[in-house]
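Here the structure comes first, spelled out in structure tokens, and everything after it is commentary.
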Amino acid sequence: MFSEDQLLMRSTAREFAQRELAQRAEKIEKEGIDNELRSKLASAGFLGAMLPSKYGGSDLDRTSFMLVLQEISKYSPTTALFVLLQHSLVGRTLIRDLSLAESYVQDIVSGKTSWTLPLFQRNLKLDGGRIRGEIPYLPLPRADFLVSYADPKTLVVIKGGVTEVRAHHSLGFRGLGLSHVSVDSVAEKLSQVEVDPTPKVLDEASLEVAAIALGMAQASLERAMDYSKSRRAFNSLLAEFQPLAFQLLEYDAQIKALERFIYSIKDNESLEAGEAKLLSIDLAKRMSRISLQVHGGYGYFEYTGVEKFYRDSAALEAMVSDQVGEKVKLSVLLLGVEPKI
Amino acid sequence: MFSEDQLLMRSTAREFAQRELAQRAEKIEKEGIDNELRSKLASAGFLGAMLPSKYGGSDLDRTSFMLVLQEISKYSPTTALFVLLQHSLVGRTLIRDLSLAESYVQDIVSGKTSWTLPLFQRNLKLDGGRIRGEIPYLPLPRADFLVSYADPKTLVVIKGGVTEVRAHHSLGFRGLGLSHVSVDSVAEKLSQVEVDPTPKVLDEASLEVAAIALGMAQASLERAMDYSKSRRAFNSLLAEFQPLAFQLLEYDAQIKALERFIYSIKDNESLEAGEAKLLSIDLAKRMSRISLQVHGGYGYFEYTGVEKFYRDSAALEAMVSDQVGEKVKLSVLLLGVEPKI
Amino acid sequence: MSLIPENLDELRGKAREFALREFTEEKIRKYEEEEKYPEEIRRKAFEAGFLDMSNPWGMLVAMEEFCRVDPGLGISALSAAFGSEVIMLFGSDYLKKKYLEPVLKGEKISGFAVTEPSAGSDVAGIRSRLERRGKGYVLNGEKIFITNGTVANHFYVLARSSPPPSPEKRHHGMTMVVVESSWPGFEAEQMKGKLGMRATSTAHLKFRDVEVPEENVIGEEGKGFYYVMTFFDISRIHVATQALGIAQGALDMFTEYIINNGLNNRETYQFALADMATRVHAARLLTYDAADRLFKFAPDPVKTSMAKYFAGETAVYVTDLALKYTGMQGVTSKLEKFYRDAKIEEIWEGTNEVEKLVISRMLLKKR
Amino acid sequence: MSLIPENLDELRGKAREFALREFTEEKIRKYEEEEKYPEEIRRKAFEAGFLDMSNPWGMLVAMEEFCRVDPGLGISALSAAFGSEVIMLFGSDYLKKKYLEPVLKGEKISGFAVTEPSAGSDVAGIRSRLERRGKGYVLNGEKIFITNGTVANHFYVLARSSPPPSPEKRHHGMTMVVVESSWPGFEAEQMKGKLGMRATSTAHLKFRDVEVPEENVIGEEGKGFYYVMTFFDISRIHVATQALGIAQGALDMFTEYIINNGLNNRETYQFALADMATRVHAARLLTYDAADRLFKFAPDPVKTSMAKYFAGETAVYVTDLALKYTGMQGVTSKLEKFYRDAKIEEIWEGTNEVEKLVISRMLLKKR
């Protein structure tokens, strides 16, 4: 299923996650992704994963990038989503007009400065040299730079002048510090390219999101299996109880089938990519619920490290899709009939 | 995913199914598989699909055979299971001692005579030259020849002397006429090979069974989609209702994922093969229930051609697995811990 | 504070005894295989007093206990008066005397004909036409999936008597009439090959220029849709009860299987049993709660639709799970019939989908 | 024939009013963020008369209405007497006077300490030891996940007082005692970082050579397991009620969302609403049915476990579905808290898995 290069990338990512994230995951949720971790992610080549090497990128194919996200997600979905957001910045946003942004791209990929962009693009108002407005859902609100659209044609880089109006009580990805902010700053224009007026940054990354969700589902399953083989109740190991063993078996099958599906899809804009994303988020939600349940009372506490998958998978569902709109779009591809709104 | 040869085989099977089975499927359920259809299946090379050509077989790889079963199953699960049973006869049972059975194999593969074997092997009593006993679940009870074990070491061919004690009120695969029979006949011994004393003929055919179930799930989905695009209610096409469209979308995704999974598995004895079988039967059951529901009152009638998938998928579940025993076996492979019985 | 009157235990016991005695394995299979209406059993059930519309709780409990033993025979035995509530509530004295009385005396059988080939749960979409001719009317159209279709002496038929005033008011202009099966132009063709419930009669009805006298109009002209919806608020409780009986019957069989095979201490079976029993108990409470409201003349359509939807789903869920864990034994036993019978409970008298729309529309309207 | 006494509407209204007034958005978030027991709110609820153990229906309805507004504050406000039923049923007059009375007067808080690090739902597997020393006892051991753990003045503690006579009789030889938190050797450490219910106090308790006077034994020595199981048959109804309140609260929020966003006619939302409302109604009937039996002194453990299991699952189901269809609005609103709070209902006071075993074992025993 994977090439040797891809397998190598996966094991690199796996080692990175075990070494850098396994112990730090809880801290990341509380304190965010600090400069040190950002530097390490950059050094490992994850921040510019799919970017050409001339811009400091790792020149990975999408499959390799997905494998990286999947492995990181098993320990820290927040870090995986952070990597994907950085990739959206350089790979989908700034890269549209590299002549203007090349130096910025290098900064991001090298981890030198911290960057963010709104989860759902909304136009800010450009007024002379200043830019003003509100952004309801901004991850990493304290980043050095913010990239946003001023209007459908104009991308701007904003440094400073971002004020947190309200930190959202965040269900998931707490390390990203999702906030409602107001902006009042000097703007630097970056492009004059016509784009979708309300792009959601994760809309074009169905497969990458699917890989993150898959990583959550796998980690939830692995932890449930490990725990069930060490925890005793009623004179037996949990794993010796048929209903539990059979449930883990069923989910192992579903996860394997999903993994084959996700990595067989070539086109990120296809019906299949959308389906894979919805399927994997749903599976991550269900599997994490089971994993938490297997852990009993312990599962309800952060320090056990499984409840975050329960929160993050539900949060991911909201962050990457408005459910109805996306499903309508995919239904048209499947049925050739437009569902009523 | 498939080679050119495999794709060719699939389209051959698809054409065969559309030509020979689409119109005949209801009749098969009522009257069984007649000599004419058996001959046609033989001519198409399906009865000795994986057998070497020197025995009259088609020398197909397993993937090709699975594709054949999947396509046939879309129109007539009964015929698909018939083909698989014939294959179990020649490929798994008689072939163990071909020196003795070669002429029989040729008869089966060519469709010249009709053959059967018990769904679950039970030993009959060999007493001098005669063989006696009961077989609780025998498909095709009126076949010319019956192959069974006399004891764990002795395979016998029985011609005549099979009396139907009771035709089971069959939930599914009605064309196979599953019956409880008593045997009192002359026995021809075929082998002296030590074998599993209670082999279930479909136990070693997880992937083939998965392909049959996948075919049922796909056919159920396709018919639901077709119907939803032509039937109107409350001033709209059914397909225009979001809950229905979204449900079809979800199942399309599950079916695609399952298909990738099934055809990625190499070893029929592996954990994955068992998982794929269980997953696909479950999906066939759920999908056929939805398809029936989409068809409303019409779906409840045989002539609409969807209720059979609802029956057959549930029957298949019982015929190919005792649920608990098989899941225990697979759980051991997954968890390395034996669940309590 | 129990949901069901406590003096019903005796009637319940009587109903169960009747069903166990009359619904023999042999008869169950015979009527199933011949796809025949069990007139003999209907008569016995009537003579034993189970068709007593003056005792609604009694009829409910009988339906539950009958379906628990065999759904097909059970429904046929108790549905000879199908549709009667429409006459009781909206019919003239003349219609009551002429059509309802003989049914309640067990002499005749009635049917309720609404569904059409082109309009399943979408009642307002029907195309049958009732046109004035002289002092009476002429009826043309087709009805499909009609219970008692080949055995009923008369039907309560919905037809369009005037065009809808607007697309949003499609349910206006519909009228109900009583049509006798002996009248010229009436034709009933049995629909064979059902997945289950084969001991119930299901027919395709055709009306070709059937003359209907004016006095056979039920209630007021143009109010037919309203009468049908009112009827559904009653009949859905009976359907919920059928589904409840089916689910309970499958649970009974599964419990027997566990005990007979010494599986009492096996968690797989314990979990399955607990899941089934919990849902059956919930379905029972929902059904009795809705019935309690109806029988106190305060029906709550939301609760009725909830009961019908949940009980139907439960019947399918329980028969499926029971089948799954009883393997070849289950698949070749009476359980397989329950599995097939159960599925119609998610479809007839309003599909699950229609029930959900009823529930949410009325909930949102209340706000 | 309604399941719940009809004179509770006023109390229900009062409870809802109290919760809406006292459980402000600000307070909800404050206690959640600080992971602090809301002593101020507990006191107000007591003063308003909601902790009235002589009116069990009233307490149930108050719990439902409180949790509907905020589960964490609601539970803390009403659980100050946690475990009291054990003293009421099995305690001596001395224990009632010394420990129960001040709790019922709102002066003190009690806790119930059974679960241990190595034994979650498997009560018979606990390892705390109660050993005779002189005229009294000495207690050693640990308890985990103990509600009110950092705020209770005393605990009803289960410990092993003699070794099990055989592996099958592990539940023999256990004794319940009252232990005060001020006694030497007692230690409580708050367990922070819960997924939800952060306004409830949850602690890890340690007992190191804690001296327990003889008169603090509840009931008879060796019968502790039985007392705990009896308590669960009561407390599970309260837990089912918590879950019911959570589910209803999430349903309220989802309904508001539909109306505020003009989605009334959109089938996706209608279907989701119908699914949720049906389950909530079923959970309510199951809970009230079990409560009705208990309050008539005829508790049915099967029905109690069914209510607890179904209601817990419903709370998770409804919060999940509501979240799914309210997107970023939902995820950043109070609904996300309900989603987190709900999950514990499938775990505490007996996991879903344990409830299923209880249900099926007792069902099979009856046969």
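The values are calculated or read from the model by the stated rules, or taken from the named source; none is laboratory data. What you see is a predicted model; the values in this text were computed from it and never measured. Positions of Cβ are backbone-derived with ideal geometry, glycine not excepted, and every protein chain shown enters the neighbour counts.
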Matching residues in the stretch A:320-338 (modelled with pLDDT under 90 and among the hydrophobic types (A, V, I, L, M, F, W, C)) number 1
ask   = In this structure, does residue A:224 turn out to be buried (at least 20 other Cβ atoms within 10 Å of the Cβ), at the interface with chain B (Cβ under 7 Å from one of its Cβ atoms) and farther than 30 Å from residue A:118 by Cβ?
value = no
Filtering the stretch D:260-282 down to residues that are more than 28 Å from the chain's Cα centre (by Cα) and farther than 11 Å from residue C:363 by Cβ yields D:260, D:261, D:262, D:263, D:265, D:266, D:267, D:268, D:269, D:271, D:272
Checked the stretch D:354-367 for anything crowded, with 24+ Cβ neighbours inside 10 Å and either more than 10 Å from chain C (Cβ to nearest Cβ) or within 17 Å of the chain's Cα centre (by Cα) (or both); matches are D:355
Scanning the stretch B:297-307 for residues that are assigned to a helix (DSSP H, G or I) and in contact with an Asp or Glu (Cβ under 9 Å, 6 or more places away or on another chain), the one farthest from the other protein chains (Cβ to nearest Cβ) turns out to be B:299
Requiring at least 3 residues that are under 24 Å from the mean Cα position of the chain (by Cα) and on the phi > 0 side of the Ramachandran plot, the strands (runs of 3 or more DSSP E) wholly within the stretch C:172-240 are none
So, first residue within 11 Å of chain A (Cβ to nearest Cβ) and farther than 10 Å from residue D:247 by Cα in the stretch D:310-335, second residue outside any helix (DSSP H, G or I) and of a type in the set (A, V, I, L, M), Cβ within less than 6 Å, six or more apart or across chains; the pairs are D:331/A:171
When the stretch D:264-284 is checked residue by residue, the ones that are more than 23 Å from residue C:291 (Cβ to Cβ), facing chain C (nearest Cβ under 9 Å) and part of a helix (DSSP H, G or I) are D:267, D:269, D:270, D:271, D:272, D:273
Counted residues in the stretch C:285-303 being within 9 Å of chain D (Cβ to nearest Cβ) and touching a Ser or Thr at 6+ places or on another chain (Cβ under 6 Å) come to 0
If we keep only residues of the stretch C:103-123 that are among the aliphatic types (A, V, I, L, M) and in a strand (DSSP E or B), then the residue surrounded by the most Cβ atoms within 10 Å (Cβ to Cβ) is C:113
May I ask you to verify whether residue D:358 is in a helix (DSSP H, G or I), within 30 Å of residue C:3 (Cβ to Cβ) and touching a Ser or Thr at 6+ places or on another chain (Cβ under 6 Å)?
-> yes
Checked the stretch D:336-353 for anything in a helix (DSSP H, G or I) and within 14 Å of chain C (Cβ to nearest Cβ); matches are D:346, D:352, D:353
Yes/no for residue D:254 being in a helix (DSSP H, G or I), within 14 Å of chain C (Cβ to nearest Cβ) and buried (at least 21 other Cβ atoms within 10 Å of the Cβ): yes
Of (1) touching a helix residue (DSSP H, G or I) at 6+ places or on another chain (Cβ under 8 Å); (2) more than 20 Å from residue C:61 (Cα to Cα); (3) more than 10 Å from every other protein chain (Cβ to nearest Cβ), residue C:261 fails just (1)
Residue set A:288, A:270; condition in the same structural domain as residue A:239 (by TED's automatic domain parsing), in contact with a helix residue (DSSP H, G or I) (Cβ under 6 Å, 6 or more places away or on another chain) and among the polar types (S, T, N, Q); output residue A:288
In the set A:279, A:249, the lone residue that is facing another protein chain (nearest Cβ under 7 Å) and under 19 Å from the mean Cα position of the chain (by Cα) is A:279
Taking the stretch A:229-246 and keeping residues under 31 Å from the mean Cα position of the chain (by Cα) and either facing chain B (nearest Cβ under 7 Å) or surrounded by fewer than 20 Cβ atoms within 10 Å (Cβ to Cβ) (or both) leaves A:229, A:245, A:246
By residue number, the members of the stretch B:260-275 that are surrounded by 24 or more Cβ atoms within 10 Å (Cβ to Cβ) and more than 7 Å from chain A (Cβ to nearest Cβ) are B:262, B:274
Quick one: would you say residue C:73 is within 28 Å of residue C:178 (Cα to Cα), at pLDDT 95 or above, touching a helix residue (DSSP H, G or I) at 6+ places or on another chain (Cβ under 8 Å) and within 14 Å of chain D (Cβ to nearest Cβ)? no
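One line per residue, one yes/no per condition, for (1) closer than 22 Å to residue D:307 by Cβ; (2) surrounded by fewer than 20 Cβ atoms within 10 Å (Cβ to Cβ); (3) touching a helix residue (DSSP H, G or I) at 6+ places or on another chain (Cβ under 9 Å):
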residue: D:18; (1), (2), (3): no, no, yes
residue: D:21; (1), (2), (3): no, yes, no
residue: D:31; (1), (2), (3): no, no, yes
residue: D:44; (1), (2), (3): no, yes, yes
residue: D:47; (1), (2), (3): no, yes, no
residue: D:57; (1), (2), (3): yes, yes, yes
residue: D:60; (1), (2), (3): yes, no, yes
residue: D:68; (1), (2), (3): yes, no, yes
If we keep only residues of the stretch A:308-341 that are in contact with a Gly (Cβ under 6 Å, 6 or more places away or on another chain) and more than 7 Å from chain B (Cβ to nearest Cβ), then the residue surrounded by the fewest Cβ atoms within 10 Å (Cβ to Cβ) is A:322
Per the filter on the stretch D:150-172, residues aliphatic (A, V, I, L, M) and under 18 Å from residue D:121 (Cβ atoms) are D:157, D:158, D:159
Scanning the stretch D:128-178 for residues that are touching a residue at least 24 places away in the same chain (Cβ under 8 Å) and among the hydroxyl-bearing types (Ser, Thr, Tyr), the one farthest from the other protein chains (Cβ to nearest Cβ) turns out to be D:137
Those residues of the stretch C:105-124 which are more than 14 Å from every other protein chain (Cβ to nearest Cβ) and more than 17 Å from residue C:155 (Cβ to Cβ) amount to C:105, C:106
Here, strands (runs of 3 or more DSSP E) confined to the stretch A:141-255 with at least 1 residues that are aromatic (Phe, Trp, Tyr) are A:145-151
Within the stretch D:1-23, residues assigned to a helix (DSSP H, G or I) and either within 14 Å of chain C (Cβ to nearest Cβ) or among the polar types (S, T, N, Q) (or both) come out as D:6, D:7, D:8
